[in-house]
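Working notes for the structure below.
The values are calculated or read from the model by the stated rules, or taken from the named source; none is laboratory data. Since this is a predicted model, take the numbers as computed values, not measurements. Cβ: placed from backbone, ideal geometry, glycine included. Neighbour counts: every protein chain shown.
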Amino acid sequence: MKAKQNGISRKAFLGNLALGGLPIILSPKDLFNGQLFRTAANGFIPQVIPLSTGWKFRPHAGTIARQSEQTVTIPHCVSNLSWQDWDPASWQALWQYQKSFELPAAFLNERVFVHFDGVMVGAVVRINGQELPSHYGGYLPFEYEITPYVKKENLLEVMVDARWSNVPPQGSVKGAARVDYLEAGGIYRPVSLKIVPKIFIQDVFAKPVDVLNPGRNVSVKCTLNTSVAPVKNAALEVTLVKEDKTVAATRTAVIIDKTGTKEVAVTLSDLKNIRLWDIDTPHLYGVIVRLYIDNSMVHCYKERVGFREAAFTTDGFFLNGNRLQLFGLNRHEIFPYVGGAMPARVMKNDALILKKKLNCNMVRCSHYPQSTAFLDACDELGLMVWEEVPGWGYLGDEQWKELLVQNTRDMVLRDRNHPSIIIWGVRVNESPNDPVLYRRTKAIAKNLDGSRPTSGSMTPDSMKTWKEDWHQDVLAFDDYHADPDGNVGINEPEKGVPYMLAEAVGQFNYAKRKNFDSYYRRSGTIATMQHQAIWHAQAHQKARLNKHNCGVIAWCAFEYASLVNHYRTVKYPGVADFFRVPKLGASFYMAQTDPLLRPVIEPDFYWDFGRETPHGPGKNVAIFSNCDRLELYINDTLHGSLQPDIKNFYNLKYPPFFGDLEWKGTGLPELKIVGYLKGKRLLSRRFSADRQKDRLRMIADDPELTGDGVDATRVEFGITDAYGNYRIGGKGIVQFQISGPGQLIGDNPFNLNESGGVAAVWIRTQPGGSGKIVVTALHPELGKQKVEIGVLRAKVKSTLV
C-alpha cells in the first residue's frame, strides 16, 4: 500500500483506528440485525434500506484497461471470473462505484448512516462530494454518519482499492501467492442506509449467564448514541421473548446529560423454563430493547440469543454439561465466478450442507470473519462455530498489527450475540508466536465478551515453545503427520490444557506423504479420491482414542481459489467440490447420522469399468453407511453380505464397510446395495456401468426466489448413470438458455471435461422481477434438461431510487 491514499496519510488513517475510533464512524457493529419502528404518531418503523441495485461501476481512471460503465448489483465482484484460472491482476486495481438515491423529506430531520458489510480490500467513500475517512480491511463492517451531508437528491461514491495492501491477511512482499486463498476485489457484501432518531440504540449485547441453573439470567448491555443533550425522562425497556410470548421484562430510567455514547446495563433475572440451545434443538430467544422518551417509544432494537454453556476442559468439550466430540470441517467463503460476492440465501446453503448433508456439529470460519447470513444460519441449525481474525501464517509490521487488533475488536462486537459461536480465534492462522500481540487480541476478546474461550491454530514450529509463548484458553493444533504405516497420524493431546485439532487430513495423500498426487480432483486419479474419505475417517477415529482431545475440525469442506499447491488456481482438499457437490471424500461424513432419520448408503468408489478400473472398484473398497448390514448384488445376484469394520473404526458411530467388488465377468454389470438395520430393510441403491444409458441431470437448490435483484440459487448439473449417480469422467460442453426475470452467474457454455462431469452455475433474480425463470441445459449427446424457479415480487419496495 502506498504511504498516502487519496489525501489521507497511512499514518493518520491507522492512528484513527485506535480503540476509540473516528468521531464520524460508529463502532462497526452489524446494527442491521436490529429492527427500527415508526408508528403514525411517533416511534420508528423499519427504515434499514438496502442499497443493492442500480450501482454504476467502472475501473478507476488509469489503473486498468478501460471498460465501459456497467450497472451492477451489490454484492459484486469487480472481475469477470470463471471457476478456475483466476488472475489477481484482474482485480488488483482501483474501481469506482456510484449510487444515486433520493431521500424522502421526512428522513431529512433524522440521523442517516451508510453501512458497508464488507469491501475488499479498501474503500474511500464520498457522499455528495464530501470525502469520508478511508477504510482498509476486507472482512468486517464499517459505517459512517452522513447526516450533515445528505439532502433530497444524493450521490454516494465508493472508490474500492483492491490492490495488494498492508492489511491482514495481506502485506507480504510475495503478494497473493503468500496467502492460501484468493481475495477477489469489490463491494462483495451488502450496503445499506439506516435512518435513526437523534438518540438511538446503537448496540445491544445480551449475554446469558449461569444458564444451567434455575436462577439463570441475561445480562444486557445497551449502548445509546445521542446527538442532543440533555434528554429528560428517558427509559429503556428490555424484554425477552420466545416467538410471540414474553418470558421476562424490565424497565429502567436513563440519565442522558451529554452527547455521544452511553452504556446502560440491565439484567433479566431468575428466568424459569428456558429451553437450551443445543446442536439438535437450537432454541433461540429474542431480546427486544425499546427506548422511551416521555413514555413515547422512539427506537427499538432486536437481537437473538441462545442459552447454552460451551466448555472446553482437559477432559474434552462439554455442551450444556454433556460431553460432545467436536466433529467438523473448515469452510472458506469463496465461490466460483464471484469470489465472496454471494447473497444471504447462498451463504445459508453452505451451513445447510455442513449440518444436514455432511452431519457436522461444528465449522471453523477459516481464516477470516464470514458473513452474518452464514452465522445466522448456524444459530438456527445448531451448528457450532469457531470464528477467527483474518490471516494466514504471516505477521506484518506494527501498522499491520494495529489493524489486526482492530479486526479482533470489530469481529467480537459484530458477532458476540451468536450462540453458535463457541470460541474466538484471536491468533492468525498458523502464524509465528507473538506473545505481545496475542495478549492484546485475547484481552480485547475477553473485555468485549468474556463468555467464550480464545484460541488459534498452532503448527509444529509454533508448538516448540508453546509453554512460554502461548497465552490462549484452548490449545488448537493443525495435525498433518502420518504414522509409520502411511495412515493418518494423530498426536496425543498436550497435558494440562484443553486440546483440539483445528485442522487435519487436508489434501495430502498419506500413503505418499510428500506427493500431492492429483489433489483429490474429481477429474483426477480415482485411487487418490478413494483415499480421501478413509483418511478423514481415520482422523476422527484416532482423535477419539483419547478423551482429552475435544475433537477434530478437518480440512476442509469445500474447494477454494488459491495460488498455493493448486491446479489452475483451484485447491482441492474439500470433501465437496468448488460447486458444493459432495465428492467421494464426503461419503464418510454423509453416513454419520441417525439411520431412522436418514438412512444412507454412500460408496467410496465409482461403479466404473473404464481405463483406470477395467475390472471395477477392486477387492477391498469402502462403503459408508449408517445401516448395520449391507448386501451386495451384481446383476441382481447376491455377491456378498458385509458388516461394519468395527475392529479398525470402533470409535466411529457408523464405521465403514469393506467389500470385494472386483468383476471378472463380461459385459457392463449393474450393482445393487441393500442396507438393513436390525434385520429390517431400510434402503436400496442401484448403479449402472453402461454409459449408453447416461443422462444429463440438473437441479436447483431452491424452487422460489425473491425478485429483488440480489437473491440467487445454485443450479447443479452433470452427467449421471441411469439411476442418478454422478458418472466419473463425464465429458462434453453444456450450453445454457435462460428465460424469465433472472440471469446466469457462471460459464456459458461450460466444459465438463475439467470439472469431472459435474458442476454448478447460480441464477440471480432481476430487480422488480416476478414470475418464472426457466433454465435449460443442452448437451450434444445427452439432450436437454430444464429447471423452473419461481420468482416472488419483493414484498418491501425501497423508498429510494
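Go over the candidates 624, 649 one by one and state the one that is in contact with a helix residue (DSSP H, G or I) (Cβ under 9 Å, 6 or more places away or on another chain), farther than 12 Å from residue 601 by Cβ, of a type in the set (Phe, Trp, Tyr) and at pLDDT 95 or above.
649
Got a sec? Which helices (runs of 4 or more DSSP H) wholly within the range 450-562 have at least 3 residues that are touching a Cys at 6+ places or on another chain (Cβ under 7 Å), of a type in the set (D, E, K, R) and on the phi > 0 side of the Ramachandran plot?
Those helices (runs of 4 or more DSSP H) do not exist here; none qualify.
Pick from 364, 345, 409: which is in contact with a strand residue (DSSP E or B) (Cβ under 7 Å, 6 or more places away or on another chain), assigned to a helix (DSSP H, G or I) and among the basic types (Lys, Arg)?
Matching residue, one of 364, 345, 409: 345.
Consider residue 241 against the criteria (1) surrounded by 15 or more Cβ atoms within 10 Å (Cβ to Cβ); (2) touching a residue at least 60 places away in the same chain (Cβ under 8 Å): it satisfies all of them except one. Which criterion is unmet?
(2)
Taking the range 519-555, which residues are without any contact (Cβ under 8 Å) to a residue 40 or more places away in the chain and within 15 Å of residue 756 (Cα to Cα)?
Within the range 519-555, 528 is the sole residue that qualifies.
Restricting the range 321-349 to residues that are surrounded by 24 or more Cβ atoms within 10 Å (Cβ to Cβ) and farther than 28 Å from residue 52 by Cβ, which is farthest from the chain's Cα centre (by Cα)?
Within the range 321-349, the match that is farthest from the chain's Cα centre (by Cα) is 326.
When the residues of the range 367-398 are narrowed to those that are in contact with a Phe, Trp or Tyr (Cβ under 9 Å, 6 or more places away or on another chain) and part of a helix (DSSP H, G or I), which ends up farthest from residue 284 (Cα to Cα)?
Within the range 367-398, the match that is farthest from residue 284 (Cα to Cα) is 372.
Out of all the residues in the range 222-235, is one or more among the hydrophobic types (A, V, I, L, M, F, W, C), surrounded by 23 or more Cβ atoms within 10 Å (Cβ to Cβ) and within 27 Å of residue 293 (Cβ to Cβ)?
Yes.
Taking the range 436-456 as the search range and keeping residues that are farther than 20 Å from residue 208 by Cα and of a type in the set (A, V, I, L, M, F, W, C), which one is surrounded by the fewest Cβ atoms within 10 Å (Cβ to Cβ)?
436
Just wondering, is there one or more residues in the range 103-119 that are among the aromatic types (Phe, Trp, Tyr) and under 22 Å from the mean Cα position of the chain (by Cα)?
Yes, because at least one residue in the range 103-119 is among the aromatic types (Phe, Trp, Tyr) and under 22 Å from the mean Cα position of the chain (by Cα).
Quick one: which of 735, 785, 743 is over 15 Å from residue 698 (Cβ atoms), in the same structural domain as residue 708 (by TED's automatic domain parsing) and either among the basic types (Lys, Arg) or assigned to a strand (DSSP E or B) (or both)?
743
Can you tell me how many residues in the range 178-201 are in a strand (DSSP E or B) and more than 28 Å from residue 53 (Cβ to Cβ)?
So the count comes out to 2.
Search the range 211-239 for residues being modelled with pLDDT of 95 or more and among the charged types (D, E, K, R), and hand back the single one that is farthest from residue 300 (Cα to Cα).
So the residue we want is 221.
Right, residue 193: within 25 Å of residue 298 (Cβ to Cβ) and either crowded, with 21+ Cβ neighbours inside 10 Å or in the same structural domain as residue 558 (by TED's automatic domain parsing) (or both) or not?
Spelling it out, residue 193 is indeed within 25 Å of residue 298 (Cβ to Cβ) and either crowded, with 21+ Cβ neighbours inside 10 Å or in the same structural domain as residue 558 (by TED's automatic domain parsing) (or both).
If you take the residues in the range 268-314 that are part of a loop (DSSP other than H, G, I, E, B) and of a type in the set (S, T, N, Q), which one is surrounded by the most Cβ atoms within 10 Å (Cβ to Cβ)?
Going through the qualifying residues, I end up with 314.
On the basis of being in the same structural domain as residue 395 (by TED's automatic domain parsing), basic (Lys, Arg) and buried (at least 21 other Cβ atoms within 10 Å of the Cβ), does residue 414 make the cut?
Yes.
Going by the structure shown, is residue 695 within 17 Å of residue 787 (Cα to Cα) and over 30 Å from the mean Cα position of the chain (by Cα)?
In short, yes.
If you take just the strands (runs of 3 or more DSSP E) that sit entirely in the range 65-137, which of them hold at least 2 residues that are without any contact (Cβ under 8 Å) to a residue 24 or more places away in the chain and of a type outside the set (Asp, Glu)?
Because the criterion is at least 2 residues that are without any contact (Cβ under 8 Å) to a residue 24 or more places away in the chain and of a type outside the set (Asp, Glu), the strands (runs of 3 or more DSSP E) in the range 65-137 that meet it are 70-72.
With 484, 493 as the choices, which residue is farther than 17 Å from residue 328 by Cα and not assigned by TED's automatic domain parsing to the domain that holds residue 553?
Exactly one of 484, 493 is farther than 17 Å from residue 328 by Cα and not assigned by TED's automatic domain parsing to the domain that holds residue 553, namely 484.
Within the range 572-582, can you find the residues that are closer than 12 Å to residue 357 by Cα and either among the charged types (D, E, K, R) or at pLDDT below 95 (or both)?
580, the sole residue that qualifies.
Does residue 406 satisfy the condition of being more than 22 Å from the chain's Cα centre (by Cα), closer than 21 Å to residue 135 by Cα and of a type outside the set (Val, Ile, Thr)?
no
Please enumerate the residues belonging to the range 680-729 that are part of a loop (DSSP other than H, G, I, E, B), out of contact with any Leu (no Cβ under 6 Å at 6 or more places or on another chain) and among the hydrophobic types (A, V, I, L, M, F, W, C).
Matches in the range 680-729: 710, 722, 728.
Of the residues that sit in the range 48-93 and are of a type in the set (D, E, K, R) and more than 26 Å from the chain's Cα centre (by Cα), which one is modelled with the highest pLDDT?
Per the criteria, the residue is 56.
Filter the range 350-372 down to residues that are closer than 19 Å to residue 579 by Cα and aliphatic (A, V, I, L, M) and give me whichever is surrounded by the fewest Cβ atoms within 10 Å (Cβ to Cβ).
352
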